[in-house]
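Here is the structure we will look at, set down as structure tokens.
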Amino acid sequence: MGKHVFIETYGCQMNEHDSERMLRLLEGVSYSETKEAKEADLILINTCSVREKPEHKVYSALGRFKKLKEEKGTIIGVAGCVAQQEGERLLDRIPYLDMVIGTQAIPALPNLVKKVEALGQRVCETGFDANGEYLKTPLPQKPPVVGSIRLVKVKSYVTIMQGCDRFCSFCIVPYVRGRERSLPSYEIIEEVKDLAETGVKEVCLLGQNVNGYGKGIGGELGFSELLHRINEVNGIERIRFTSSHPADLSEELIQAFTELTKLCDHIHLPFQSGSSRILKAMHRGYTKESYLEKIDRLKEVCPSIALTADVIVGFTGEEEMDFEETLELLQRVRFDDLFSFKYSPRKGTRAAQYEDRVEEKVKQDRLTILQGIQKEITLQKNQALVGSVEEILVEGRSKQSDRDVTGRTRSNKVVNFEGDLGIVGKLVHVRITKAFPHSLRGETA
Ligand code: SF4
């Protein structure tokens, strides 16, 4: 009988995609996925150390799974950024932990599991892979058929590069994911073609800084050229990417939003602070003014573009006037959505040594104010769509009702409307009838 693996994932899309890769590799050695930890023979926690909260969650998850280890000998492994950062220390700290799998050790996972199963060894693999071999993804299998309906996977992530060379002063990524490495373009295009053959309609290209794609490989395509090639793949209807660094956002990439029919009109462009003084301390490599110039250019080239971003409040040294500048930037750009966080120093980063920390209460107050303003803007932007007809890629059954399906606009907004499962994977036109803070309601146009 096959064995079961339960994977709990924290953090970004890169981690979600890594979890999917781990699952595919384990399927090759007779594991299948379970959504119930208590049914699992193997539990993997794919971790994130970019912010404080997800890092803490890892330790509480390990606490929850301890009982399963004691009762039925479940194998427990930690993967991802915390694994990379802590390495052997995790094994010392958690006596019932069997495996530590670093960010670039994913291809070794089946062998690591075998070692634990056969020899009862505790294993730790956290070496960096300079050739980027770990990026190569086992191809997805043909979608399964349930009854008469083929369960189509409509969207897929495609990792095109990993790591980051920018070393923002607050960020742990260059230390836990290593320096930038890009996958050769021909392999990416092959993967996208294979995904299209299985029924995938939308690909989201992933990397810590996708704009840096191709740097360091002689003769390789740049990122906007790569987008042009993917735009030609038959069967793919939509292309997205994340994440972009404002300093590396080129005019060619901005132009791609008008030139490429399949490139969705949405960009996630983290600004982190509206104060040039704080941006300098963050070592971001741009000013408030240069960020706004790029935003203006994007709006000029693609007036319908949706904008989302990340922002940190309470960075060390942030004064009231810096925070005011952040709020001004929010009002000026009017983001469709914003991912906002309180600054927490990450061990090993340059900013962790900065003095002049902002008090916790001040950080919380600033976050509350900022989130309140953004909530209003997001709702207003959603309300502005009521009455318009949007192209929706239908993804599946809505969680809210058995009669509804769910999908996303080209600008990445969730829309629920009445429909049957036969239209999953199709592009349909939907008139927006109602706006909520996090979704829209519509009817087939
Ligand atoms: S660009 Fe900065 S914030 Fe983004 S991953 Fe690289 S170092 Fe981290």
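The values are calculated or read from the model by the stated rules, or taken from the named source; none is laboratory data. A quick note: this is a predicted structure, and the numbers were derived from the prediction, not measured. No Cβ is skipped: glycine too gets one built from the backbone with ideal geometry, and neighbour counts run over all protein chains shown. Quick note on the areas: whole protein, heavy atoms, side chains included, nothing else; ligands and nucleic acids left out. Shrake-Rupley method; radii C 1.70, N 1.55, O 1.52, S 1.80 Å.
Within the range 85-96, take every residue that is touching a Leu at 6+ places or on another chain (Cβ under 9 Å) and part of a helix (DSSP H, G or I) and give me the one that is farthest from T349 (Cα to Cα).
Here the residue is L91.
Name every residue in the range 49-81 that is closer than 17 Å to D18 by Cβ and within 16 Å of the ligand (Cβ to nearest atom), in order of residue number.
S49, V50, P54, E55, G80, C81
Taking the range 155-191, which residues are of a type in the set (A, V, I, L, M, F, W, C), more than 9 Å from the ligand (Cβ to nearest atom) and surrounded by fewer than 21 Cβ atoms within 10 Å (Cβ to Cβ)?
Once the filter is applied, which keeps residues that are of a type in the set (A, V, I, L, M, F, W, C), more than 9 Å from the ligand (Cβ to nearest atom) and surrounded by fewer than 21 Cβ atoms within 10 Å (Cβ to Cβ), the range 155-191 yields only I189.
Given the structure, is T308 open to solvent by 20 Å² or more (accessible area, probe 1.4 Å), under 27 Å from T159 (Cα atoms) and β-branched (V, I, T)?
Details: open to solvent by 20 Å² or more (accessible area, probe 1.4 Å): no; under 27 Å from T159 (Cα atoms): yes; β-branched (V, I, T): yes.
Answer is no for this residue.
I'm checking my understanding of the structure. Among residues of the range 398-412 that are more than 28 Å from L263 (Cβ to Cβ) and open to solvent by 50 Å² or more (accessible area, probe 1.4 Å), which one is modelled with the lowest pLDDT?
Only one residue fits best here, namely Q400.
If I ask for residues that are of a type outside the set (G, A, S), away from the ligand (no atom under 16 Å from the Cβ), in a helix (DSSP H, G or I) and within 21 Å of the chain's Cα centre (by Cα), which ones from the range 5-32 would you list?
Correct list: E16, E20, R21, M22, L23, R24, L25.
Do you know which residues across the range 33-84 are acidic (D, E), within 16 Å of K347 (Cα to Cα) and either touching a helix residue (DSSP H, G or I) at 6+ places or on another chain (Cβ under 8 Å) or not in a helix (DSSP H, G or I) (or both)?
The answer is E55, and nothing else.
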